[in-house]
Structure formats: C-alpha cells, structure tokens
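First the structure, in the form of structure tokens, and then the observations on it.
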Amino acid sequence: LLSVKTDSFQGVVITAGTDVGTLYGVFHFLRLLQTHQPLDNLEIRQTPRIQRRMLNHWDNIKGSIEQGFAGRSLWRWEDLPDTLDPRYTDYARANASLGINATVLNNVNADPRILSDEYIRKWAALADVFRPYNIKVYISANFAAPMKNKGIGSLDTADPLDPGVRQWWKQRIEAIYAQAPDFGGFLVKADAEGQPGPRQFGRQFNDGANMLAEALAPHGGVVIWRAFNKDVNNEPDPAERNFQAYAPLDGKFAANVFVQPKNGPIDFQPLEPFHPLFGRMPHTPLLLELQITQEYLGKSVHHVYLAPLWKDVLYSDTCARGDGSIVAQVIDGSLYDRKVSGIAGVANTGSDRNWCSHHFAQANWYAFGRLAWDHTLSAEQIAEEWLRMTFSNAPEFVSVAKGIMMDSWPAAVNYQTPLGLNVVCSGNHYDPSPKTRNGRQYWYADKDTIGLDRTTSGSGAVEQYHSSVANLFNNIDTCPERFLLWFHRVSWQRRLSTGRTLWEELVWRYYDGVRCVENMNRRWAALKRFVDAERFEQITQVRQRHLEHARFWRDTCVSYFQSVNELPMPDFIATEFGEATPPTVTP
Ligand code: GCW
C-alpha cells in the first residue's frame, strides 16, 4: 500500500506480486479505513510469516459440532453440492480478510463417508466457492477408511504397508483431485480416543503418515498428522505421552508431512507450559494447533480473549538453538531455515447469526487470523482493531473495552486453574469438579501438599524440555509460580513471592479472578452509550452468567481444597474481598 501524490493524481496504490496479495492488500486498506487510520503517508509492505493459516472445523456430517458452541455446522451437507448457502461466500470473505488460507472442513474424529464419491462432490463444491478467496480445502481422514467405505472397495485391513491399502488411498486421492484440483491434503487423528491408526496394525505413526504422503505428493498435497495420541502408550502422565511418542520419530517423516501438536502437552487448558515437542523435533515441520473454540474456557458463556494466551505460547523460549529460540520461530520455520510452515486454530464458528455465539468470541477468530499472518502483532493492537471495526472508534470506548478484553484471560486462569493447576473441570469441560479430578494424573492434593512432582527427583517429565528450560522449571525457586503445581509438589505452608503461603495464594487467586470479572462487568456497564441496544443487552446478560459461573468455580474449588487441607480461610477474604463468610458450596 502506497500513498501517491503527483500534480494530477492523489490516492493509494494497492499492488502485490500475486492476485491474492492484492486481495489481502485491499482488505488491509479497508481495515485502515474502518479503524480511522490516516491514509496520506502509507508505505506498507507485508508478507505473511506463516504459510498455511488454517481453521480446523470439528464439524460432523450430521450437522453437530464437537466442542462447538455457536449453533449447528455451517456446512449443509444434505443440500450440497447443488444448493450453495450464501454464507459460504461470507465465510470465505471473512477469512480472506484475515489472511486465513486453508480450512479443514470436518471433525478429526472423522466419518469415513467424507471420502466417498458422493461427499467428495459436496465438499468440492465448497472448494469452488472458497477458491476465489484463496482458501484451500483440507479433509480429516479416518485412517481405517479402506475398511469402512462400502461401495469404494472394502478391505479387511488398513495396514499402511499393505499394497492393497496403499492402492486404495492412491485411487481415492486421484478421485479427490479430479474434483478438487487444488485440494490441500489430509489432517489425521490416529490412535487417539478410539480413532484408528497405524499402531492398530503394528506399524508406526511415520509408516501411516508417509503412506498417505506418498500418494498425495504427486498432486502437491500434504499430510498433517496430529501429535495427540491418548491411547498409545501406558504412560500414566498425560503431559509426557505425546513427546514420548513423537520425539523419537524426528527425521522419519516424508517431506510433505507436518506434525501438529497442541500448544501445551495436556489439552487446551486455561494455561499450560508450551509443548515440549517445540524445539525438540528439528527435522520435522511442526504445525501449531490452537483452540479458538472455548472448550475449557467457559464455552460460549465466559468472555475470554485468547490472543494473550496464544502470544504467551508463541513467545515462550524453547532454548533449542540458544536463548531466544521462541516457539513462533519453530512454527514460522525461521529457527531452522525451513521453507514450509503452518498454524491451525480449532474454529469457533457455527450457524449462529453472529457466527460465534458470544459477540466477543468473534474477536478470537479475528485474533487467530491476525496472529497467523503476523505473530509479532500485540494482543492489544489486535483487540483494538477488532473493537473499532466491530463496535466503535470512540477513544473512550476503545480504551475501556480493550482493558476488559486484556484482563479476561488472566482472570479465567485465576478462577479456574491458578498456580499451575489443570483439568479441574468436570467431564463436560465447563463446570468445576476438583473432587473427581484429585489424583496423580493432573495434580494431587492431600492434607499437607498439592501438585505433581515432575522434577528430576520426581517423575523427570521436566527433562522433555531443552536443558535450559528444564533447569528453570526444575528448580522450585526459579519455576514461574503460574506453573508451580504443574512441576512441583508443594507444601500448603510454603511462602510464595507475594509473601502469602501457598494456601493463601491459591485462595487469593480464586477470589481475585472473580473480582476481576466483577470489575470487567462494571466497566462494560459504563459503555452502554457506545453500543446498540440489542448487542449491549445480549452481552450484558451473558456477562452476568459468566460472573455467576466464575463464582461457582471459585466457591467449589476453594471449599474443596479447604476440605482437604483443613486450613482456615485467610483473613483477607473479609478485609480485602468483602466476603464475611467463607463459601458454602459443597463440591
Ligand atoms: O480435548 C479433547 C476433546 C475432544 C477432541 C480431542 C482432540 C476432537 O475433548 O472433543 O476431539 O480433544 O483434540 O482430538
């Protein structure tokens, strides 16, 4: 984008080396207009830092969405390919405005029918709609599809080294490219949570991935193989599993295979240390999986702005090639001078009229796209852009609303999983359930202590990190307190940096998290004059539910932990937080 002024012309020139570059340039120009930026001295040149900027939809063929909280799937499979909902175009345009250039249409818990001729025709029609917006379609493949697809050859094995199986995939892939010539490739969840995989047939992950990769390679397709394999080994610590399964396979994957770990080693918790695989698989392109949909972060009820969480992961130092080898450099390829790169976000879109249910949840879709394009953007800047384009450019509105957004994630960590706790939730991943989760899998509380000892004198899990990182986490004095109970088993009486004991600090954080939500809501109430009545009312209502649920988390957790350690409630509850009585909820 270049502002030009001559005697006969004044304007902005938008140009690029490719057509799609021009499209992105125009969207950027619109963003400048909508956010009221000056246009007279533009000299903006951009290239995306990450090549594959993908949404992963966990949409099922029957129309439901796994961990989706914004209505039914956008894809109307029964009407495709003949009827094309205009929302498909809106979806593509919205994504293109952020630079998102890839979408996996179906759930990683994949229905094999998606690979049938009938369904290929359906999703090839979606690919046709998305193509002008530079969005490539990918599909989640069920690894046992050769055994499950009646009518397209039903084999009695899916062993990746079996010639018949290899042939089956080759033919399916040819059928796909005949309909969708720019098909991106397969995303695969293998040997995890009941999904089939090569291990079932006595083979390794790389055997499975490479078999698919070989069939896709002549067409330019790739395999994205998820490093999420709960069922694979008997390792009781879920934080260790995926590293153990994948680190030994580094260098054994074909050139067109990506391995896709989640941001942390367990599962999209409110806060996790970065996944130890980042920086420990130098010969394999790793594609980072983030979760935009708020599976563990209050679903569509809690307002949690996720850009700070993602920035936190992207800017974690793996130390893989000396200090300053951040996760973002592993992902964008710069750390290893790699030519290929990718990032994925599990989508939070659905057929709700506003796409994402909670009005503020849309900021997370937006932020994912912006960070995938340029991870150096700050969470504040992205929030500000989104607020200005979504609600108002009024400076008083923007600064207050941005403050609310920026406070929301730290608050959620505090009222759900402070100090390195994780998986405190019940099976619905929404409500608290500390009583059923107390154990040696996630954390363990008894009368005197709490936390898991993952240090070198405990399970040794910390050694999955590069030694500089491992040393930091291993030492209780240098381990960041927000990860304390993740790596250490700690006495309730230990004094922390705040001067409070561990028990006091835990209580403090639960109360402080809720107080922060109260504060967010008060600030929101003052913004009424900037927002239309309909959205203001909807947001105000859902904020009230958010607050009540945050209190439920606090009261359930604090009273449960107190029932375990039998310590008195700290005095500051009355003095600092104005609660005369301790919580009475029975966990
Ligand atoms: O966290 C779990 C979710 C599952 C999901 C799985 C995965 C798609 O509860 O719903 O399945 O992770 O990431 O594969």
Q: Give the residue from Pro48, Gln34, Trp75 lying farthest towards the positive end of the charge dipole for the stretch 31-99; charges sit on Cβ (+1 for Lys and Arg, -1 for Asp and Glu) and the dipole is referred to the Cα centre.
A: Pro48
Q. Where nothing but the Cβ of Lys and Arg (+1) and of Asp and Glu (-1) is charged, how large is the charge dipole of the chain around its Cα centre, in debye to the nearest 20?
A. 440
Q) If you roll a 1.4 Å probe over the stretch 107-178 with all protein chains in place, what percent of the accessible area is carbon or sulfur? A) 48
Q: Report the calculated FRET efficiency for Glu78 and Thr47 (r = Cβ-Cβ distance, R0 = 41 Å), to the nearest 0.05.
A: 0.50
Q.
Could you tell me the center-to-center distance, by alpha carbons, between the stretch 25-84 and the stretch 288-323 in angstrom?
A. 19
Q. In terms of the Cα gyration tensor, with a ≥ b ≥ c the square roots of its eigenvalues, is the stretch 357-397 rounded because a/c is under 1.5, prolate because a/b exceeds b/c, or oblate?
A. oblate
Q: For an R0 of 45 angstrom, estimate the FRET efficiency from the Cβ-Cβ distance between Leu567 and His283 and round to the nearest 0.05.
A: 0.35
Q.
Modelling each spin label as a point 7 Å along the Cα-to-Cβ direction, I'd like the Ser64/Lys339 distance in nm, to one decimal.
A. 4.4
Q) Where only protein heavy atoms count, and the probe is 1.4 Å, what is the accessible area per residue for the stretch 167-256 in Å²? A) 36
Q) If you take the beta carbon distance between Ser154 and Thr89 as r and set R0 to 56 Å, what does 1/(1 + (r/R0)^6) give as a FRET efficiency, to the nearest 0.05? A) 0.90
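Full extension from Asn428 to Tyr315: what is 0.36 nm times the residue separation minus their Cα-Cα distance, to one decimal in nm?
37.6 nm
Using Cα pairs under 8 angstrom and six or more residues apart, how large is the relative contact order of the stretch 1-83, in percent?
With pairs under 8 Å counted, the relative contact order is 20 percent.
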(Q) Suppose all protein chains stay in the model; what accessible area per residue would a 1.4 Å probe give for the stretch 453-506, in Å²? (A) 43
Q. Label points 7 Å out from Cα along the Cβ direction at Ala16 and Ile476: separation in nm?
A. 5.4
Q. Going through the stretch 41-85, which trypsin sites (Lys or Arg not before Pro) have at most 13 other Cβ atoms within 10 Å and a DSSP loop state?
A. Arg45, Lys62
Q) Looking at the stretch 288-372, which chymotrypsin sites (Phe, Trp or Tyr not before Pro) are DSSP coil and have at most 16 other C-beta atoms within 10 Å of their C-beta? A) Tyr315
Q) Which loop-located chymotrypsin sites (Phe, Trp or Tyr not before Pro) does the stretch 2-74 contain, where loop means any DSSP state but H, G, I, E or B and the Cβ has at most 12 other Cβ atoms within 10 Å? A) Phe9
Q. For the stretch 12-128, with every protein chain kept in place, what is the accessible area per residue (1.4 Å probe, Å²)?
A. 46
Q) If you find the alpha carbon centre of the stretch 465-495 and of the stretch 175-236, how far apart are they in angstrom? A) 36
(Q) Tell me the carbon and sulfur percent of the accessible area for the stretch 332-459, rounded to whole percent, probe radius 1.4 Å. (A) 47
Q.
When a/c reaches 1.5 or more, the comparison of a/b and b/c decides; with that in mind, is the chain rounded, prolate or oblate per its Cα gyration tensor?
A. oblate
Q: Please figure out what share of the DSSP beta bridges in the chain is antiparallel and state it in percent, rounded to the nearest 5.
A: 35
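Ignoring ligands, DNA and RNA, what percent of the accessible area of the stretch 492-568 is carbon or sulfur (1.4 Å)?
49
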**Q.** Separation between Cα centres of the stretch 375-418 and the stretch 498-570, rounded to whole Å
**A.** 17
Q: Work out, step by step, the length gained on full extension between Ala533 and Met389: first 0.36 nm times the residue separation, then minus their alpha carbon distance; give nm to one decimal.
A: 50.1 nm
Q.
If I take every Cα pair under 8 Å that is 6 or more residues apart in the stretch 422-578, average their sequence separation and divide by the length, what percent do I get for the relative contact order?
A. 22
Q: Could you check the simple spin-label distance between Gln441 and Glu174, using points 7 Å along Cα→Cβ, in nm with one decimal?
A: 4.6
Q. Relative contact order, percent, of the chain when contacts are C-alpha pairs under 8 Å separated by at least 6 residues?
A. 12
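The values are calculated or read from the model by the stated rules, or taken from the named source; none is laboratory data. The model shown is predicted, which means the values in this text are computed figures rather than measured ones. All Cβ positions, even for glycine, are placed from backbone atoms using ideal geometry, and neighbour counts span all protein chains on display. With ligands, DNA and RNA removed, areas are computed over all heavy atoms of the protein, side chains included. Shrake-Rupley method; radii C 1.70, N 1.55, O 1.52, S 1.80 Å.
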